[in-house]
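Okay, so here's the structure we're looking at.
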Amino acid sequence: MIDENAIVEALNGVNGPDGATPLPRSGAIGGLTQRDGKIYLSIVVDASQAARAEPMRIAAEDALRRLPGVAAAIVTLTSERAPGASARHAAPGHAHPQQPGAKTAPRPRMESIAGVRHIVAVASGKGGVGKSTTAANLAIALAQEGWRVGLLDADVFGPSAPRLFGLKDKPEVKDQFLIPLIAFGVKVISIGLLIAEESPVVWRGPMVMSAVTQMLREVAWGELDALIVDMPPGTGDVQLTMAQSAPLSGAIIVSTPQDLALLDARRGVAMFEKVSIPIIGIIENMSYFICPHCHGRSDIFSHGGARHEAEKRGVPFLGEVPLDIAIRETSDAGRPIVASAPDSPHAKVFRDIARATIARLDAPTTRAAPKIVIG
Amino acid sequence: MTEAKQPWPTRIRLTDDGRLLTIEFDDGSSVALTSVRLRVATPSVEAKRLTPAERQAMIGDKPVKITAIEPIGNYAIRPTFDDGHSTGIYNWTYLAELGRAEK
């Protein structure tokens, strides 16, 4: 092992990125490791200064190589620029005026959205469990309970809110803010409103983030009690980043009762727990099937699995939504069942879920982020 | 729920011209951490592989200050230090741990 003090001593002779402060005192050293007489040092520089920092890198390498016992020294420049900063440039139709060489804009801040009390993610471990239909009906049910509700369709891979809410118009832009469309008392924004329904969208991770950030921040949501975020299905990087970057009050997991779906739902719960986002509850969708002809009940996906899973994990169970042709038909026709048949038993299920959600969100146990006071 | 067992912060205060961060928890306790202490203890992956001694050597006792604090969801903060470091995300559990180690 080469003595650390000797390393620091050697690097003291090299000026840091500002050209004056000795490197060890400049705060630019990102990491130092050594193995078998080889020293690996990383220096953090601004991406725009990478070319200018090259002489410093070479000087640091030379200084380390001169140390007794050093077989090799590898110094690398790394950039600490926020990924968000570059992602914003990739945002379609969204250009920030920026002079070349000017100081890079600060990272997009993840503070709460002014006027929005609760942001609730509706997520599922896998696709095809009826997450978007549930999110739409839940949003309308919340609105019927007197809440001011918005729905952000963040499922950029398969935006379904336009169809579920029967929306066709493009949202207007006013003072650089998108004006959400209103259907059944819910303010709706979806990437599907901005692009044609049939056109396939190929999304890279950072593009998803910038699109979602835009839909969160650059929409005139106004005063809302709850903003329901219809998440893309799955528990991948996109979902995790989204969960971390939006100031969520909690998450609702939708699952079908069969074991395979529950396995994925469990991953969904685990993902949110990992980032300390409370689980508002689990909804069992396609819970059972009532035959429209004989009125006999079939538990197609073996009913009750989600309730059991919720109990096992100690998270609240919000309700069971039956597999019913009426829900499917009304959803596809753009008139979700809670709005088109508010007295139906299915609408009642969603209303109960909405009430349970309100109770959970307004309960004093809901953890709000602490106030940050400077000075 | 799992988080119910831990104290939850109610207020985070940056005072002393960015040199002192005080975190007040809902159980009435509070911890005060200096900016230097936080900088050396950064949970950033870039510094994770360093030993405490290496960190001390790298970061030293330079009087770094915190210039900005960004909330990360409702579970963590990301302070920006005046030496340019800003990739450490400190969650409540970690801050409470640092506070306990201080006592």
| remark: Residue hits (the range A:234-255; within 15 Å of A:Val120 (Cα to Cα) and not in a helix (DSSP H, G or I)) are A:Ala246, A:Pro247, A:Leu248, A:Ser249, A:Gly250, A:Ala251, A:Ile252, A:Ile253, A:Val254
| remark: Within the range A:280-309, of all residues that are surrounded by 23 or more Cβ atoms within 10 Å (Cβ to Cβ) and of a type in the set (A, V, I, L, M), the one nearest to the other protein chains (Cβ to nearest Cβ) is A:Ile280
| said: If B:Val36 meets every condition in (1) in contact with a strand residue (DSSP E or B) (Cβ under 7 Å, 6 or more places away or on another chain); (2) not in a strand (DSSP E or B) apart from one, which number is that one? | reply: (1)
| request: Please list, ordered by first then second residue, the pairs with beta carbon atoms under 7 Å, 6 or more apart or interchain, first in the range A:31-45 and without any contact (Cβ under 8 Å) to a residue 12 or more places away in the chain, second among the hydroxyl-bearing types (Ser, Thr, Tyr). | output: A:Gly31/A:Ser42; A:Thr33/A:Tyr40
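Given the criteria within 8 Å of another protein chain (Cβ to nearest Cβ), surrounded by 16 or more Cβ atoms within 10 Å (Cβ to Cβ) and more than 19 Å from A:Lys371 (Cα to Cα), does B:Val64 qualify?
Numbers: within 8 Å of another protein chain (Cβ to nearest Cβ): yes; surrounded by 16 or more Cβ atoms within 10 Å (Cβ to Cβ): yes; more than 19 Å from A:Lys371 (Cα to Cα): yes.
So B:Val64 fits the description; yes.
What tally of residues in the range A:262-279 results from selecting those that are more than 14 Å from chain B (Cβ to nearest Cβ) and among the β-branched types (Val, Ile, Thr)? Outline the logic, then answer.
Restricting attention to the range A:262-279, the residues satisfying the condition of being more than 14 Å from chain B (Cβ to nearest Cβ) are A:262-268.
Adding the requirement that they be among the β-branched types (Val, Ile, Thr) leaves none.
Summing the residues that are more than 14 Å from chain B (Cβ to nearest Cβ) and among the β-branched types (Val, Ile, Thr) in the range A:262-279 gives 0.
May I ask you to say which residue of B:Gly88, B:Gly73, B:Gly84 is farther than 15 Å from B:Asp17 by Cα and more than 9 Å from chain A (Cβ to nearest Cβ)? Talk me through it step by step, then tell me what you get.
Numbers: B:Gly73 fails: more than 9 Å from chain A (Cβ to nearest Cβ); B:Gly84 fails: more than 9 Å from chain A (Cβ to nearest Cβ).
Of the residues listed, the single one that is farther than 15 Å from B:Asp17 by Cα and more than 9 Å from chain A (Cβ to nearest Cβ) is B:Gly88.
May I ask you to say which residue of B:Thr34, B:Thr10 is facing another protein chain (nearest Cβ under 8 Å) and under 17 Å from B:Tyr90 (Cβ atoms)? Break it down stepwise before answering.
Working: B:Thr34 fails: facing another protein chain (nearest Cβ under 8 Å).
Within the list B:Thr34, B:Thr10, the selection yields B:Thr10.
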| task | May I ask you to list the residues in the range B:33-62 that are in contact (Cβ under 8 Å) with a residue 40 or more places away in the chain and within 9 Å of the chain's Cα centre (by Cα)? | result | B:Leu33, B:Ser35, B:Arg37, B:Leu38, B:Arg39, B:Ala41, B:Thr42, B:Pro43
| query | So which of A:Phe350, A:Phe317 ends up being touching a helix residue (DSSP H, G or I) at 6+ places or on another chain (Cβ under 8 Å) and within 14 Å of chain B (Cβ to nearest Cβ)? | reply | A:Phe317
| request: Answer yes or no as to whether A:Ser287 is at pLDDT 80 or above and assigned by TED's automatic domain parsing to the domain that holds A:Thr235. | output: yes
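Yes/no matrix, rows are residues, columns are (1) under 16 Å from A:Gly130 (Cβ atoms); (2) touching a Pro at 6+ places or on another chain (Cβ under 9 Å); (3) assigned to a loop (DSSP other than H, G, I, E, B):
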{"site": "A:Asp264", "(1), (2), (3)": "yes, yes, no"}
{"site": "A:Thr330", "(1), (2), (3)": "yes, yes, no"}
{"site": "A:Asp343", "(1), (2), (3)": "no, no, yes"}
{"site": "A:His346", "(1), (2), (3)": "yes, yes, no"}
{"site": "A:Leu361", "(1), (2), (3)": "no, no, no"}
| query | Hey, B:Gly84 hits all of (1) in contact with a Gly (Cβ under 7 Å, 6 or more places away or on another chain); (2) at pLDDT below 85 but one; which does it fall short on? | reply | (2)
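The values are calculated or read from the model by the stated rules, or taken from the named source; none is laboratory data. Note that the structure is a prediction, hence the values are computed from the model and not measured. Quick reminder, even Gly has a Cβ in these numbers, built from the backbone with ideal geometry, and neighbours come from all protein chains shown.
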